[in-house]
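Q: Before anything else, here's the structure in question.
Where a number appears in this text, it was derived from the coordinates with a stated rule and is not lab data. On a predicted model such as this, the values are computed, not experimentally measured, just so you know. Methodologically, a virtual Cβ is constructed for each residue, glycine included, from the backbone with ideal geometry; neighbour enumeration extends over all protein chains shown.
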Amino acid sequence: MKSEIKRKSLHLAGLTVPMSYYLFGRELTLTFIALAFFTFVILEPFRIIEDLRDRIKRRLRIYVDEEVIERMEAIEKTITEITREHERYRVAAHIYFAAASFTVVYFFPREIAVGAISVATVGDALAAIVGKSLGRHRFSNGKSLEGSLAYFLSGLAILWPLVGLPLAITGSLAGTLAEFYNLPPDDNFSNQISVALAVYLVGALF
């Protein structure tokens, strides 16, 4: 549970994207996401390939103080603690999150983009924390009714002021289903896209 709280605390850093949208506008936000995405992609091999990390640390010991190496190893340990087993040797969640955020901000109106990213960030965190701590009614995939309900209600609270109640229900339900079924390629991608698409398409129809 402790590692899950750490993981979701880091995950909530995704809220910087909607904050940036409101404070700095669409273009700067897209630039910010793109820079983050390319930084994550460049660093990804160092996270996955342990031998590469070890070689870099051996080389760094020639040039930097041992205290710097110890700090690097402490960060590496923290990242390992919050990384789920199935993510150790595959594309990391933050890369999918950044890709989805860029797509949503680029293609959708501001209220939908801000809502979709916020719902995916907060809803996913609450679903995991509530599900692990209070989940009593489990489904076959390990998800819980309590966790899904936490996602839906948080999504409703976030989207209602932005797009109105009917679309808030639509978007929250879409995000809840995407999170429940872990839609490919990764729920950190599919959550945002599902919420944004559902709200946009239903809003366009009605």
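Q: With the crude spin-label approximation of a point 7 Å out along Cα→Cβ, what separation in nm comes out for Leu43 versus Glu27?
A: Between Leu43 and Glu27, the simple spin-label model gives 2.8 nm.
Q: In nm, what is the difference between 0.36 nm times the number of residues separating Asn182 and Leu12 and their Cα-Cα distance?
A: Numbers: separation 170, 0.36 × 170 = 61.20 nm, distance 1.87 nm.
The Asn182-Leu12 span can extend by a further 59.3 nm.
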